[in-house]
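Trainee: Input: one structure, supplied below.
The values are calculated or read from the model by the stated rules, or taken from the named source; none is laboratory data. The structure displayed is predicted, hence computed values, not measured ones. Please note: Cβ atoms are built from the backbone with ideal geometry, for glycine as well, and neighbour counts cover all protein chains shown.
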Amino acid sequence: MMKVVRKAFYDFTKEEAWLNQMSQEGYALVGYKGGKYYFEPSQQGRYQYKIAIANNWKDLDKKAYLEFLESTGVTVVATYLGRAYLARPAAEGDFELYSDLDSQIKQIKLARTPILVSTYSTVVFLLMVILQLIVFIPPFSPAFWALVVSSLIFLIVLILSIRLLIAYSRRMKELKAAQVCEG
């Protein structure tokens, strides 16, 4: 019986961890689209999951890249908005998609880019709303309260985006430090 889970992730490493936890609970990912994960019952821990990120698949030959992965025993479960959801049987050992530090750093940068754009857009929106509240909107009118509520929502989004950017930055610093130690 198919299990459908609606869930949103902004941090792909947490999304991978959750997918692997679902595998440990006996669910195999069979599809993904628009915040909906589709699972079927499976042997516990049968698959390991990774997510490949390419904000612009045109930079690579998407089809050739995914065919290459499949030739190595990886199953492409789904692709959606620049992400490829990949599975490999756990019996084949650890699933390391990006084993070198340069590739790991590149993946984090690719994941960080849309968050940066969203953060900048939110800052611009908040500044525009504050300007409208100060200059154009009469205090305590319905429009005033509507803008205050929407500003609070976008402020929460901004705070969450900044927290995620900080987490990505810390991870990149750790990887760069490890890179220096290796080199």
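Okay, residues lined up against (1) among the β-branched types (V, I, T); (2) under 25 Å from V4 (Cα atoms):
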{"residue": "A28", "(1), (2)": "no, yes"}
{"residue": "K33", "(1), (2)": "no, yes"}
{"residue": "E40", "(1), (2)": "no, yes"}
{"residue": "I51", "(1), (2)": "yes, yes"}
{"residue": "A54", "(1), (2)": "no, no"}
{"residue": "D61", "(1), (2)": "no, no"}
{"residue": "Y65", "(1), (2)": "no, no"}
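Trainee: Working only within the stretch 53-81, note down all residues that are among the small types (G, A, S), at pLDDT 85 or above and part of a helix (DSSP H, G or I).
Mentor: Correct list: S71 only.
Trainee: Can you find a residue in the stretch 82-95 that is in the same structural domain as E15 (by TED's automatic domain parsing), modelled with pLDDT under 85 and among the hydrophobic types (A, V, I, L, M, F, W, C)?
Mentor: Scanning the stretch 82-95 turns up no residue that is in the same structural domain as E15 (by TED's automatic domain parsing), modelled with pLDDT under 85 and among the hydrophobic types (A, V, I, L, M, F, W, C).
Trainee: Do we find a residue being exposed (fewer than 14 other Cβ atoms within 10 Å of the Cβ) and among the aromatic types (F, W, Y) anywhere in the stretch 151-163?
Mentor: Within the stretch 151-163, not a single residue is exposed (fewer than 14 other Cβ atoms within 10 Å of the Cβ) and among the aromatic types (F, W, Y).
Trainee: Evaluate the following for A90: is it touching a residue at least 24 places away in the same chain (Cβ under 8 Å), under 24 Å from the mean Cα position of the chain (by Cα) and under 23 Å from F9 (Cα atoms)?
Mentor: When the stated conditions are applied, A90 does not pass them.
Trainee: Further, regarding this structure: Among the candidates V148, V76, single out the residue that is assigned by TED's automatic domain parsing to the domain that holds V30, surrounded by fewer than 17 Cβ atoms within 10 Å (Cβ to Cβ) and more than 30 Å from K173 (Cβ to Cβ).
Mentor: Answer to the selection: V76.
Trainee: In addition: Quick check on this structure: which one of A64, A17 is of a type in the set (A, V, I, L, M, F, W, C), within 26 Å of P114 (Cβ to Cβ), surrounded by fewer than 18 Cβ atoms within 10 Å (Cβ to Cβ) and under 19 Å from the mean Cα position of the chain (by Cα)?
Mentor: Every option except A17 fails the conditions.
Trainee: Still on this structure: Is there a residue in the stretch 89-102 that is small (G, A, S), part of a loop (DSSP other than H, G, I, E, B) and more than 30 Å from A28 (Cα to Cα)?
Mentor: Checked against the condition, which is being small (G, A, S), part of a loop (DSSP other than H, G, I, E, B) and more than 30 Å from A28 (Cα to Cα), the stretch 89-102 yields no hits at all.
Trainee: Take K50 and decide whether it is surrounded by 12 or more Cβ atoms within 10 Å (Cβ to Cβ) and in a strand (DSSP E or B).
Mentor: yes
Trainee: A follow-up question, please. Does T72 count as among the β-branched types (V, I, T) and within 16 Å of the chain's Cα centre (by Cα)?
Mentor: no
Trainee: Among the numbered criteria (1) surrounded by 13 or more Cβ atoms within 10 Å (Cβ to Cβ); (2) of a type outside the set (A, V, I, L, M, F, W, C); (3) part of a helix (DSSP H, G or I), which single criterion is violated by Y85?
Mentor: Just one mismatch for Y85, condition (3).
Trainee: Name the single residue that is farthest from A52 (Cα to Cα) among those in the stretch 88-108 being among the charged types (D, E, K, R) and surrounded by fewer than 18 Cβ atoms within 10 Å (Cβ to Cβ).
Mentor: Here the residue is E92.
Trainee: If you don't mind, there's one more thing I want to ask. Counting only residues that are without any contact (Cβ under 8 Å) to a residue 60 or more places away in the chain and outside any strand (DSSP E or B), which one in the stretch 5-14 is surrounded by the fewest Cβ atoms within 10 Å (Cβ to Cβ)?
Mentor: A8
Trainee: Scan Y32, Y27 and give me the residue that is under 16 Å from the mean Cα position of the chain (by Cα) and either over 16 Å from F95 (Cβ atoms) or surrounded by 14 or more Cβ atoms within 10 Å (Cβ to Cβ) (or both).
Mentor: Y32
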